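Structure record follows, encoded as structure tokens.
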């Protein structure tokens with residue numbers, strides 16, 4: 001005799017899975033650090049992410065970010081490439097070489113969409129790359145792809 005699962009139970013399971021995904025992203029108070037010298041980009045990302053339930057920490061450059069990372073321990077980092085003093089590549093390399101933060105996902109942000117920039121980001125350890133200006137959907141999709149790796 002073949003057993004079947006009632007449709008209501010299947011639908012409930014799908015809803016439960018969706019709820020667990022939502023809890024895993026927003027319910028756990030996931031911390032995202034946004035490092036960008038552009039006030040507009042920082043504010044845009046911060047506003048979008050806070051609306052989705054993320055805790056957001058911002059920094060204006062790599063030096064400021066490095067001093068804040070140990071205190072705030074973000075679950076994911078959005079990092080601009082072109083910044084004064086310490087660029088995104090250097091900042092990413094320093095983050096990824098630290099034993100505590102080497103598994104923290106780093107998403108590079110750039111106004112350039114070149115293959116060389118993406119490759120250089122990978123060499124220093126970035127986990128993904130978003131071209132600016134980004135949409136809400138692009139930002140959330142990339143974050144959700146990497147948020148499970150922070151557990």
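What is the order of 99, 136, fewest Cβ neighbours within 10 Å to most?
Details: 99 6, 136 14.
If I rank by nearby Cβ atoms, fewest first, I get 99, 136.
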request  = Over all alpha-carbon pairs in the range 20-119, figure out the percentage whose distance exceeds 24 Å.
outcome  = 20
ask   = Among 67, 38, 111, what is the fewest-to-most ranking by other Cβ atoms within 10 Å?
value = 67, 111, 38
ask   = Which whole-angstrom value gives the distance between the alpha carbon centres of the range 122-145 and the range 68-83?
value = 14
remark   = Length gained if residue 43 through residue 70 is fully extended, taking 0.36 nm per residue and subtracting the Cα-Cα distance, is 7.5 nm
request  = May I ask you to sort 77, 35, 69 by Cβ crowding, counting other Cβ atoms within 10 Å and putting the fewest first?
outcome  = 69, 77, 35
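Each value in this text was obtained by applying a stated rule to the coordinates, not by laboratory testing. None of the values given here were measured: they were computed from a predicted structure. All Cβ positions, even for glycine, are placed from backbone atoms using ideal geometry, and neighbour counts span all protein chains on display.
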